[in-house]
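Enquirer: Here you go, one structure.
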Amino acid sequence: MTDSTAPTIVVSAGPDEAACCTADLITESMRENHAAVLGLATGGTPVGVYRQLVERCRSGKLDFSGVTTFNLDEYVGLGPEHSQSYRYFMQQQLFDHVNILASNTHVPDGRATDIESYVVEYERQIRQAGGIDLQLLGIGNNGHIAFNEPGSAIDSRTRMVALTENTIDANSRFFESADLVPRSAITMGIGTILESRRIVLMATGKAKAAVIKAAIEGPIDPVNPASLLQQHPQLTFVLDQAAASGLNV
């Protein structure tokens, strides 16, 4: 990695501090641009971030009225009323608690009948909104970002993908059993993500230390999708001490 593309690495004391720092970066983006376009993630990691943003909005310190959002992914087959759908997650964790226009929130439709046409339209909507100003990411234990599994192309676009057994196993904790985890999802592509003006990847916990080290210090290799982010000029990693424990910093 050259100095010109070296990421910013922020190491916080723990998960709560990392969530606060990530929320600060999103807040900064929203205050710089009242009509900011945010790319949002789901899963356990960003819950604390959304809690912070909700508190700031409720206290009058943050205004979502002009903001547009695009989520990274959604399970194929799950509708917005399903408790494990990502639309449901976003409503529960953020959208229902801030002053954002419902029409400005975009989560891939897991029940789209023509997925091939739908994913093209999702890309068009992102372009029509002016592109993503700040993209929030988590990272999977196998290095996946969104649902871009190992081997995903750096120029991949929004599409339907098959989930690996690793990802199905990791996500089974959210379902009654692994058998109930959907086997495919709609996801933004790595090429789509890399077009964001700024990327913030948040990771916490010792279990993420090895994959974070590979993402930051390892070779750029589609086998580790997160390593493809190294080529982005405005990349920030927000980590807690456990997740950063393997880095040479």
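Rule-based calculations on the coordinates, nothing more; no lab input. Values in this document were obtained by computation on a predicted structure and should not be read as measured data. For neighbour counting, all protein chains shown are included, and Cβ atoms are generated from backbone atoms with ideal geometry for every residue, glycine included.
Enquirer: Compute the distance in nm between two label points, each set 7 Å from the Cα along the Cα-to-Cβ direction, one at THR27 and one at GLN231.
Expert: Using points 7 Å along Cα→Cβ, the separation is 3.5 nm.
Enquirer: Once you compute Rg and the Kirkwood Rh from C-alpha atoms, what is the Rg to Rh ratio for region 1-48?
Expert: Across region 1-48, the Cα-based Rg/Rh ratio is 1.03.
Enquirer: Place +1 on the Cβ of every Lys and Arg and -1 on the Cβ of every Asp and Glu in the chain, take the dipole about the Cα centre, and give the residue among VAL161, CYS21, ALA214 whose Cα lies farthest towards its positive end.
Expert: Farthest along the dipole direction, towards plus: CYS21.
Enquirer: Could you work out the equivalent-ellipsoid semi-axes for region 98-174, taking the square root of 5 times each eigenvalue of the Cα gyration tensor, largest first, in whole Å?
Expert: Rounded to whole Å, the semi-axes are 24, 16, 15.
Enquirer: In addition: Fewest first, what order do GLU55, GLU74, GLU176 take by the number of other Cβ atoms within 10 Å?
Expert: The fewest-first ordering by Cβ neighbours comes to GLU176, GLU55, GLU74.
Enquirer: With each run of n ≥ 4 DSSP H residues scored as -39500 (n - 2.57), what mean residue ellipticity at 222 nm is computed for the chain after dividing by its residue count and rounding to the nearest 500 deg cm²/dmol?
Expert: Calculated from helices alone, the mean residue ellipticity at 222 nm is -8500 deg cm²/dmol.
Enquirer: Are there chymotrypsin sites (Phe, Trp or Tyr not before Pro) in region 51-90 that DSSP marks as loop and that have at most 12 other Cβ atoms within 10 Å, and which are they?
Expert: Within region 51-90, no chymotrypsin sites (Phe, Trp or Tyr not before Pro) qualify (loop, at most 12 other Cβ atoms within 10 Å).
Enquirer: In terms of Cα to Cα distance under 16 Å, which aspartates and glutamates are near enough to LYS206, apart from those fewer than 8 places away along the same chain?
Expert: Straight-distance partners of LYS206: ASP16, GLU17, ASP240.
Enquirer: R0 = 41 Å: FRET efficiency of HIS82 with THR5, Cβ-based, nearest 0.05?
Expert: 0.55
Enquirer: Hey, another quick one. Give me the Å³ per residue figure for the convex hull around the C-alpha atoms of the chain.
Expert: Each residue corresponds to 117 Å³ of Cα convex hull volume.
Enquirer: Using a simple spin-label model with points 7 Å from Cα along the Cα→Cβ vector, what separation in nm is obtained for ARG173 and GLN241?
Expert: Each label point is offset 7 Å from its Cα along the Cβ direction, giving 2.2 nm.
Enquirer: Can I ask one more? In whole angstrom, how far apart do the alpha carbon centroids of region 131-152 and region 43-58 sit?
Expert: If you average the Cα positions of each part, the centres end up 19 Å apart.
Enquirer: While we're here: With label points built 7 Å along Cα→Cβ from the Cα atoms of ILE220 and VAL120, find their separation and express it in nm.
Expert: 3.0 nm
Enquirer: Right, something else. Provide CYS20, CYS57 in ascending order of the number of other Cβ atoms located within 10 Å of each residue's Cβ, fewest first.
Expert: Least crowded to most crowded, the residues run CYS20, CYS57.
Enquirer: Right, here's the next one. What value does region 95-235 have for Rg/Rh, both radii from Cα atoms and Rh as Kirkwood defines it?
Expert: With Rh from the inverse mean 1/r over Cα pairs, Rg/Rh is 0.96.
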